[in-house]
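Engineer: I am attaching a structure below and will ask some questions about it afterwards.
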Amino acid sequence: MKALRTIAIVTSMLMLSIAAISTAQTGYASPKLHKTASVSIKGQLPSMPRFRFENFTTANGLPDDHVFNVLVDGGRIWAATENGLGLFENGKWKTYNTKDGLAHRAVLSLALDKRTGDVWAGTMGGLSRISGGRIDTFTQLNSGLSNDVVYGVSVEGEHVWVATAAGASMLDLHTNQWSLFNERNTPMFEIWVYGVSATPSKVYFAVWGSGILEYDQQKKTWDKYDDPDGETEMVLFKDQGLIHEITTSVSYLEKEKILWAATYFGDSHYDGRRWHNFLTKDSGLPSNFTNVVKGVDANRAWFGTDKGLAYYDGVNWAVYRPSLTTGQPEMTIRDKNGNVTPVEVATAPAHNYVLGIDFQGSDIWVATAKGLSHGIHQP
Amino acid sequence: MSGLRVFSVRIGLASAAFAVVLAAHDRTGFNAQASATSGLTGEQLEYASPVELLYSASGTQLYVLCQESAEVRVLDARTYKEIKRIEVGRVPRGFSLSPRGDRLYVANSWDDTISVIDTHSLEVISTWPVAAEPSSVVEDREGKHLFVANRISNDVAVLDPQTGAEEKRLAAGRGASYITSSPDGGRVYITHVYPNPTPHRTAPQSEITVVDVQRAVVGDRIALPSVAHGFHIAFSADGRLGVAAGLHPRNLVPLAHLDHAGAFTDTLTLFGADVGAPVEIPLDELERYAVRPFGVAITPDKSRIFVTCGGSEEVTVIDVPRLLRYIRSHPGSHSDDLAASANYVISRIPVGHDPRGVLLTRDGTKLLVVNRLDDSISVIDTRTSRLTSTFPLEGPKRISVLRKGEQTFYTARYSFQGQIGCANCHIDSTFDGLQWDLEPDGFGRDIVDNRPIEAVKDTEPFKWNGGNPNLPTECGPRTEKYFWRAENYDDLTLTDLAVYVRSLPPRPNRFRLPGGELTVSQERGKTLFNRSVDKFRNPIPETNRCGYCHSGSKGTNQKSFDVGTKKTTDNSGLLDTPQLTNIAITGPYLHDGSANTLEQIWTVFNPEDKHGRTNDLTKDELNDLIQYLRTR
């Protein structure tokens, strides 16, 4: 990490010229739209997953249309909404709220303890565990949790890792003891922790304004990944480090040792040696403003942006959304040459503002600002 | 094993007013001379204290789990002659046979281990470490999982039954203690001796945690509204009827209602296909109580339910067809209706002191009951509901002062209509997690949290207002007047009781490292506990330092202070400093139990820094302080 920063400084002059001609990261770069009708070139299109989206809103039982996160638990779907935790099971929605013991009605994050079947819900008012229908709540007042605003939660073994507005916390389920991580005992310059991804070897935190924090579970040591140019409005050193300090989501794949990171100014892929960053201007990412990233493997990942759901297969991109201009369902595929081809589709996710993603076999579930979407894979 | 190991017991009662020469008598004429002022040299006899019993797979042997002598006694199932004693860990609380019958698993609650006994060699072949205070253990039918209920860590550990390796822990309720497998083996059911946390001054609630055996996850939780303490469960052979023994306290109203139908209802919760939604039914009658139901058995033909009642020292017998007819014709729970039991309770059979576990013979014709505080086993003819014999286990024949005191602690015979005993609120000589309204302070005044009594010696005065200078006062006049309301203790009995209570040791502290050293966080917390200057370098007045009031090995300087927690219902804000022994597990906290967790003492109830200077601390530092307190 530190070496990367040194290289970044040495090459800064070279990169300045590139920066001078780069577009603002927040701008949506127009794709090179393929003018040929999609049907006529279908056979040449990269094979990208296609879905029929079924959308859930309050009209058909969802607790609220603002859906911050979604969690697949076998045949059960949990929806973190602004007004309660929804559980979709056997074709029906059930809502858990504060009267049931939920910490707060606004649920921001979800995690499944695969060993026990317990679901952990991070809310605007603490952390709740849903276990066999009982809800236990941990807050900054009744427990060692550092802060009640819980943006992210991840369960690994007997440890529950929590991303909060005032640092990270870890609950040891065996001892019921909390450990807090903040500016006093980690290289966390800011303490607004947005996301966490825990695995047996490493735990990664997306810290808003402070890059990515890495905790090595074996060595008990911390490392930090920053944007090497430190610029908030432009990219000076594109593939030499994390794309931006304002990180929002992190997804670590332990088997592949691959880190995917999302920021409000583009996304990053890190294999332990090299960084590769994605911006709208040079990739199929529909927007640099990315709320969530979910890695599939070393090459593939899903991105939830403010301009739609995106999939990257290592070469090509697909975007799924209601059209930004007409609102009609839209799917586009961008090939390795940058050619963007619309694909005729009849359905799209409920909204372009995507906040959460999870997978159910080959299906996908998407949390959006206007409902929850079930993408049913189409052969 | 000698069975008669003698120790010297020094007894120094604090009260000069109690300066009488006391003698503890036993049934055999043994006298232990006691002088309240000069001390007493007595003896501590090694009793067996049987709590559970099982038949071997062949039915030829009877295994008896003996808590005090920390052993499994193997008896001939026909003659009851002792064959062997197998030493296990400290305070064994539950045991079970493997599905093939080749192993006997014993949960050693104070050693945090499982002893694995080979039933052929009758030797311990393995001892596996588990979590905090394992209280029962069950292997599933397919031999895939071993489930262990942990009373203090409030969970169910899932172990590999071949290696003992822990695979995971499932969140249970508070005080997870007794596990029962469903007849089809598909689920295990766990009951809890302490209530789950609920909002202050609301009805207690416990649960039956139901584990899906195949997936080894919590599949369901059966809510037990108003039940604070759950004990054994039994199932009918067809699996359609489950029965859980429980205690239903009435702690939201003044205890004066002891005269008006009970401070507790002793109940069974019925569940399963025979009853639909769970139903709570009373065992008590209007003027006769079935105090502290514990062990449950249902005859193979589902005609009778037998329930041991520790406080009333009897076995309650229920006619199942009449019970089912009654609950079907009277839908809903009936814990408030003490006339209900006349419809299904058909007999009450006196047995020994503190009867616990029960065991039916395979043909269901005989019921065996272990009498914990008599070291005996009662045999009941299930067809006639009559006691046919009682046979003693080998051991001391004399009743020591301590044993007599313990019998007094567990019996309900002194209270009005035999409704309650000390152990109703001090479950297994600990605490109950509840708050009570003792009316001498006025109805609705001075709501008090029930303080734990382990290691209570040298922590006087007692009561939250410090009003009782010593145990004889606490256990004697106060108890007689405000709890029992029917009968006083004679001087000897009161001395026995006080000696027993003073003898209670602390259970092991699970938050200390094995060597006793502190973790880095605990060390930081200890420094905060003892600090004399706050973070702004302002001196902290001596009386506002944690270590001043909570001084000494037990964490109390035995004085009263106003820590700013007085409520409008309290007559005084001056409160006795409670001891800190095992404070981590004895919540809720503060004099009225208004703090559900240690954190809340300072995050919610210390706005003016009167309960120690803490508002200068960061969250990390408060966590450190609490980590240290948990080691006390």
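The values are calculated or read from the model by the stated rules, or taken from the named source; none is laboratory data. From a predicted model like this one, the values you see are computed outputs, not experimental measurements. Note that each Cβ is placed from the backbone with ideal geometry, even for glycine, and that neighbours are counted across all protein chains shown.
Engineer: Tell me whether the stretch B:1-19 contains one or more residues that are part of a strand (DSSP E or B), over 25 Å from the mean Cα position of the chain (by Cα) and at pLDDT 50 or above.
Structural biologist: Looking for residues that are part of a strand (DSSP E or B), over 25 Å from the mean Cα position of the chain (by Cα) and at pLDDT 50 or above, one finds none in the stretch B:1-19, hence no.
Engineer: A further question follows. Surrounded by fewer than 24 Cβ atoms within 10 Å (Cβ to Cβ), away from chain A (no Cβ under 14 Å) and touching an Asp or Glu at 6+ places or on another chain (Cβ under 9 Å), is that true of residue B:221?
Structural biologist: So residue B:221 does not fit the description; no.
Engineer: Could I ask something else about it? Take the residues of the stretch A:222-277 that are among the acidic types (Asp, Glu) and part of a strand (DSSP E or B): which is surrounded by the fewest Cβ atoms within 10 Å (Cβ to Cβ)?
Structural biologist: A:223
Engineer: Which members of the stretch A:161-186 meet the condition of being within 11 Å of chain B (Cβ to nearest Cβ), crowded, with 22+ Cβ neighbours inside 10 Å and either among the small types (Gly, Ala, Ser) or more than 28 Å from residue B:153 (Cα to Cα) (or both)?
Structural biologist: The answer is A:167, A:169.
Engineer: Another one. From the list B:632, B:537, B:613, B:524, which one is assigned to a loop (DSSP other than H, G, I, E, B) and under 27 Å from residue B:153 (Cα atoms)?
Structural biologist: Every option except B:632 fails the conditions.
Engineer: Also: Need pairs with beta-carbon distance below 8 Å; first residue over 17 Å from residue B:294 (Cα atoms) and modelled with pLDDT of 95 or more and within the stretch B:236-254, second assigned to a loop (DSSP other than H, G, I, E, B) and among the β-branched types (Val, Ile, Thr); sequence gap 6+ or separate chains.
Structural biologist: Partner pairs satisfying both residue conditions: B:241/B:275.
Engineer: Hey, another quick one. Going through the stretch B:160-194 one residue at a time, which ones are away from every other protein chain (no Cβ under 14 Å) and either of a type in the set (A, V, I, L, M, F, W, C) or in a strand (DSSP E or B) (or both)?
Structural biologist: If the condition is that a residue be away from every other protein chain (no Cβ under 14 Å) and either of a type in the set (A, V, I, L, M, F, W, C) or in a strand (DSSP E or B) (or both), then B:177, B:178, B:179, B:180, B:181, B:191, B:193 are the ones that fit.
Engineer: Is it the case that residue B:381 is at positive phi, of a type in the set (Asp, Glu) and at pLDDT 95 or above?
Structural biologist: So residue B:381 fails the test.
Engineer: Being hydroxyl-bearing (Ser, Thr, Tyr), in a loop (DSSP other than H, G, I, E, B) and either crowded, with 17+ Cβ neighbours inside 10 Å or touching a helix residue (DSSP H, G or I) at 6+ places or on another chain (Cβ under 8 Å) (or both) narrows it down to one of A:347, A:341, so name that one.
Structural biologist: Being hydroxyl-bearing (Ser, Thr, Tyr), in a loop (DSSP other than H, G, I, E, B) and either crowded, with 17+ Cβ neighbours inside 10 Å or touching a helix residue (DSSP H, G or I) at 6+ places or on another chain (Cβ under 8 Å) (or both) holds for just one of A:347, A:341, which is A:347.
Engineer: If only one of B:473, B:411, B:390, B:479 is surrounded by fewer than 17 Cβ atoms within 10 Å (Cβ to Cβ) and among the polar types (S, T, N, Q), which one is it?
Structural biologist: Of the residues listed, the single one that is surrounded by fewer than 17 Cβ atoms within 10 Å (Cβ to Cβ) and among the polar types (S, T, N, Q) is B:390.
Engineer: When the stretch A:133-160 is examined, which residues are found to be touching a Phe, Trp or Tyr at 6+ places or on another chain (Cβ under 8 Å), crowded, with 24+ Cβ neighbours inside 10 Å and more than 8 Å from chain B (Cβ to nearest Cβ)?
Structural biologist: A:145, A:151, A:152, A:153, A:154, A:160
Engineer: Also, I was wondering about something else. Residue A:189 is checked against (1) surrounded by fewer than 19 Cβ atoms within 10 Å (Cβ to Cβ); (2) among the hydrophobic types (A, V, I, L, M, F, W, C); (3) under 30 Å from residue B:512 (Cβ atoms) and fails just one. What number does that condition carry?
Structural biologist: (3)
Engineer: Okay, moving on. When both residues are 6+ apart or on different chains and their Cβ atoms are under 9 Å apart, which pairs have a first residue that lies in the stretch B:510-539 and is among the charged types (D, E, K, R), and a second that is surrounded by fewer than 11 Cβ atoms within 10 Å (Cβ to Cβ)?
Structural biologist: So the pair list comes out as B:523/B:517.
Engineer: Here's a follow-up. Inspect all residues belonging to the stretch B:179-188 and state whether any of them is under 16 Å from the mean Cα position of the chain (by Cα) and either surrounded by fewer than 24 Cβ atoms within 10 Å (Cβ to Cβ) or charged (D, E, K, R) (or both).
Structural biologist: no
Engineer: Still on this structure, please answer the following. Give just the number: which of (1) outside any loop (DSSP other than H, G, I, E, B); (2) within 14 Å of chain A (Cβ to nearest Cβ); (3) of a type in the set (A, V, I, L, M, F, W, C) does residue B:149 not satisfy?
Structural biologist: Failed condition: (2).
Engineer: So, of the residues in the stretch B:600-632 that are facing chain A (nearest Cβ under 10 Å) and basic (Lys, Arg), which turns out to be farthest from the chain's Cα centre (by Cα)?
Structural biologist: Result: B:619.
Engineer: From the list B:107, B:131, B:157, which one is in a strand (DSSP E or B) and under 25 Å from residue A:113 (Cα atoms)?
Structural biologist: After ruling out the rest, the residue left standing is B:157.
Engineer: Also, I was wondering about something else. Take residue A:187 and decide whether it is touching a residue at least 24 places away in the same chain (Cβ under 8 Å) and under 30 Å from residue B:209 (Cβ atoms).
Structural biologist: So residue A:187 does not fit the description; no.
Engineer: Quick check on my filter: what residues within the stretch A:231-280 are among the polar types (S, T, N, Q) and in contact with a Pro (Cβ under 6 Å, 6 or more places away or on another chain)?
Structural biologist: Hit for the stretch A:231-280 is A:240, nothing else.
Engineer: Just to be sure I understand the filter: pairs with C-beta atoms under 6 Å, separated by 6 or more residues or on different chains, first member in the stretch B:615-627 and surrounded by 19 or more Cβ atoms within 10 Å (Cβ to Cβ), second member part of a loop (DSSP other than H, G, I, E, B). Which pairs pass?
Structural biologist: B:619/A:146; B:623/A:144
Engineer: Also, I was wondering about something else. Testing residue B:610 on (1) of a type outside the set (Gly, Ala, Ser); (2) touching a helix residue (DSSP H, G or I) at 6+ places or on another chain (Cβ under 8 Å); (3) farther than 23 Å from residue B:445 by Cα, one condition comes back false. Which one is that?
Structural biologist: Failing condition for residue B:610: (3).
Engineer: Continuing with the same structure: Please count how many residues of the stretch B:553-589 are within 22 Å of residue B:506 (Cα to Cα) and not in a loop (DSSP other than H, G, I, E, B).
Structural biologist: The number of residues fulfilling the criteria is 5.
Engineer: Let me ask something else. Identify all residues within the stretch A:76-128 that are within 14 Å of chain B (Cβ to nearest Cβ), surrounded by 23 or more Cβ atoms within 10 Å (Cβ to Cβ) and part of a strand (DSSP E or B); write none if there are none.
Structural biologist: The answer is A:119, A:120, A:126, A:127, A:128.
Engineer: If you don't mind, there's one more thing I want to ask. Answer yes if at least one residue in the stretch B:533-555 is within 14 Å of chain A (Cβ to nearest Cβ), buried (at least 20 other Cβ atoms within 10 Å of the Cβ), in contact with a Gly (Cβ under 9 Å, 6 or more places away or on another chain) and hydrophobic (A, V, I, L, M, F, W, C), and no otherwise.
Structural biologist: no
Engineer: Which of the residues that make up the stretch B:560-599 are in contact with a strand residue (DSSP E or B) (Cβ under 9 Å, 6 or more places away or on another chain), within 20 Å of residue B:544 (Cα to Cα) and either within 14 Å of another protein chain (Cβ to nearest Cβ) or of a type in the set (A, V, I, L, M, F, W, C) (or both)?
Structural biologist: Once the filter is applied, which keeps residues that are in contact with a strand residue (DSSP E or B) (Cβ under 9 Å, 6 or more places away or on another chain), within 20 Å of residue B:544 (Cα to Cα) and either within 14 Å of another protein chain (Cβ to nearest Cβ) or of a type in the set (A, V, I, L, M, F, W, C) (or both), the stretch B:560-599 yields B:561, B:563, B:574, B:575, B:583, B:589, B:590, B:595, B:598.
Engineer: I'm trying to understand the selection: among the residues of the stretch A:221-252, which are of a type in the set (Gly, Ala, Ser) and closer than 20 Å to residue A:292 by Cα?
Structural biologist: Those that are of a type in the set (Gly, Ala, Ser) and closer than 20 Å to residue A:292 by Cα: A:241, A:249, A:251.
Engineer: Any residue at all in the stretch A:362-373 that's hydroxyl-bearing (Ser, Thr, Tyr), in contact (Cβ under 8 Å) with a residue 40 or more places away in the chain and either in contact with a helix residue (DSSP H, G or I) (Cβ under 8 Å, 6 or more places away or on another chain) or buried (at least 18 other Cβ atoms within 10 Å of the Cβ) (or both)?
Structural biologist: yes
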